[in-house]
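First the structure, in the form of structure tokens, and then the observations on it.
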Amino acid sequence: MDVALRLKITGMVHGVAFRATMAELAKSENVVGWVRNDIDGSVEAFLEGDEESVRRIVEWARGGPPRARVDSIDVRVVPRRNLKGFRIMG
């Protein structure tokens, strides 16, 4: 079953390859959506795909890449958008 989630990740998540690593993982899991840095220092992401695949990305995001420090992650169920591919946005 497909799901869509919106993530807001706070901590030391800029400048540590968070977006690039999430994009690689999303592509390998066939999850579509986007990830971006927010001006408040957080990372925001939209993930859509198979429930198990999306769950694996959320679990990864709780720790992030090696140089990251994740303080909190807010996960919200949102409407699906039927996007194509996964993008890193500004």
ask   = Given 11, 49, 41, which one is in contact (Cβ under 8 Å) with a residue 60 or more places away in the chain and not aliphatic (A, V, I, L, M)?
value = 11
key: Given (1) farther than 17 Å from residue 80 by Cα; (2) surrounded by 20 or more Cβ atoms within 10 Å (Cβ to Cβ), index of the condition residue 26 fails   = (1)
message = Looking at the stretch 42-87 only, could you name the residues that are among the polar types (S, T, N, Q) and at pLDDT below 95?
response = 82
inquiry  = Yes or no: the stretch 59-76 includes at least one residue that is closer than 20 Å to residue 1 by Cβ, charged (D, E, K, R) and free of Cβ contacts under 8 Å to residues at least 24 places away in the same chain.
reply    = yes
remark   = Residue hits (the stretch 31-90; part of a loop (DSSP other than H, G, I, E, B) and touching a Leu at 6+ places or on another chain (Cβ under 9 Å)) are 31, 78
task = Please work out which residue is nearest to the chain's Cα centre (by Cα), limiting yourself to the stretch 47-67 and to residues that are hydrophobic (A, V, I, L, M, F, W, C) and surrounded by fewer than 20 Cβ atoms within 10 Å (Cβ to Cβ).
result = 58
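The values are calculated or read from the model by the stated rules, or taken from the named source; none is laboratory data. Only a predicted model underlies this, so the values are computations on that prediction, with no experimental measurement involved. Here Cβ is always computed from backbone atoms with ideal geometry, including for glycine, and neighbour counts include all displayed protein chains.
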